[in-house]
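Student: Before I ask anything, here is the structure I am working with.
The numbers here are math on the coordinates, done by the rules we state, and not lab data. A quick note: this is a predicted structure, and the numbers were derived from the prediction, not measured. Cβ sites come from the backbone with ideal geometry, for glycine too, and all protein chains shown count toward neighbours.
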Amino acid sequence: MARMWPIDGIVGENGAFYFRYDHAAHVMQRHYAKTAQERAADRKRLDELRTHILSQVPGAGIAADQAYRDADLAIDFCEDVPALSGSDIERVVALFEAAGATAKVSSIHINGWFGGYDTLSITRTLMRDCFRMDIEAARGSFVFAGDSPNDAPMFAFFPNSVGVANVANFAGQLEAEPTYITRQRSGDGFTEVADFLLA
């Protein structure tokens, strides 16, 4: 995405990294919240946790894109598997947390990782390193759009935060609510935000 899409940078895996492609120099800038050695150690622990979670929660799956993830484990609870119950989702979160991992529920996955970072912390780093911007001072000029509990740090920080309509699925579960909610769900909700801004 960072290389091919018309975007200036990307924050991935709940704040594990940012990537930014320098088109003039043809160089990918990669910045991780943790060192390569730390990520390798985390991957070993996550692989063990993967086996444990799948044995403890029948019906849970591994996200189809797991092979392309650097720093987290994504448990599928409704994308390519029959939807798990709320209690099963809570059980997966509890298993992550019992192992010392951070766990956040998104609209289709439960993501677990080792580390205290989140999307907001690496966004601060991206904006400082690549754009020389202090987002504390400039946060009113940003619009953030999200859809689930893992977006709560961004909802809390940016006054112009938007939840696409399916964020309502998590009513009462968000540590911070978005300021605005779209009429449409998922990608259509994001298109609604983009159309509003362009207009």
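Student: What order do you get for Ile10, Ile122 when you list them from fewest to most C-beta neighbours inside 10 Å? Display every interim value, and only then the final one.
Tutor: Values: Ile10 15, Ile122 21.
Ordered by Cβ neighbours within 10 Å, fewest first: Ile10, Ile122.
Student: Taking the beta-carbon count within 10 Å as an exposure proxy, list Val167, Val81 from fewest neighbours to most.
Tutor: Values: Val167 25, Val81 15.
Arranged by neighbour count, lowest to highest, Val167, Val81 become Val81, Val167.
Student: Given a cut-off of under 8 Å on Cα pairs at least six residues apart, what relative contact order in percent is computed for the chain? Present the calculation step by step, with values, prior to reporting the outcome.
Tutor: Numbers: 311 pairs, mean separation 28.3, N = 199.
About 14 percent, as a whole number.
Student: For segment 62-134, which GluC sites (Glu not before Pro) pass both filters: DSSP loop (anything but H, G, I, E, B) and at most 16 other C-beta atoms within 10 Å?
Tutor: On the way: sites: Glu79, Glu90, Glu97; in loops: Glu79.
When the GluC sites (Glu not before Pro) of segment 62-134 are filtered for loop state and at most 16 Cβ neighbours within 10 Å, Glu79 remain.
Student: Restricted to Cα positions, what overall size does the chain have along the principal axes? Three whole-Å values, descending.
Tutor: Rounded to whole Å, the extents work out to 48, 41, 28 Å.
Student: So, one more: Which whole-number percentage describes the relative contact order of segment 141-199, with Cα contacts under 8 Å and a sequence gap of 6 or more? Intermediate results must be reported in sequence, preceding the final value.
Tutor: Working: 98 pairs, mean separation 18.9, N = 59.
Answer for segment 141-199 is 32 percent.
Student: Viscosity 0.890 mPa s, temperature 25 °C: Stokes-Einstein D of segment 36-113 from its Kirkwood Cα radius, in µm² per second? List each step's numbers first, then the result.
Tutor: Details: Rh = 12.3 Å.
It diffuses with D of about 199 µm²/s by this estimate.
Student: Size of the dipole of the chain about the Cα centre, Lys and Arg at +1 and Asp and Glu at -1 on the beta carbon, nothing else charged, in debye to 20? Before the final figure, lay out each step's value.
Tutor: Details: 18 positive and 27 negative charges, 97 e Å.
Roughly 460 debye, rounded to the nearest 20.
Student: Could you please rank Asp42, Asp195, placing first whichever residue has the fewest other Cβ atoms within 10 Å of its Cβ?
Tutor: Working: Asp42 20, Asp195 9.
Listed from fewest to most nearby Cβ atoms, that is Asp195, Asp42.
Student: Within 10 Å of each candidate Cβ there may be at most 13 other Cβ atoms; applying that plus a DSSP loop requirement, which trypsin sites (Lys or Arg not before Pro) in segment 1-98 survive? Provide the component values of the computation, followed by the final result.
Tutor: Working: sites: Arg3, Arg20, Arg30, Lys34, Arg39, Arg43, Lys44, Arg45, Arg50, Arg69, Arg91; in loops: Arg3, Lys34, Arg69.
Passing both the DSSP loop test and the Cβ count: Arg3.
Student: Give the residue list of chymotrypsin sites (Phe, Trp or Tyr not before Pro) in segment 110-168 that are DSSP loop and have at most 10 other beta-carbon atoms within 10 angstrom.
Tutor: Values: sites: Trp113, Phe114, Tyr117, Phe131, Phe142, Phe144, Phe155, Phe157; in loops: Phe114, Tyr117, Phe142.
Hits after loop and neighbour filter: nothing returned.
Student: Taking segment 119-188 as the region of interest, what is the percent of Cα-Cα pairs per 10 angstrom bin, listed from the shortest bin to the one with the maximum distance?
Tutor: All Cα pairs considered, the percentages come to 22, 49, 25, 5.
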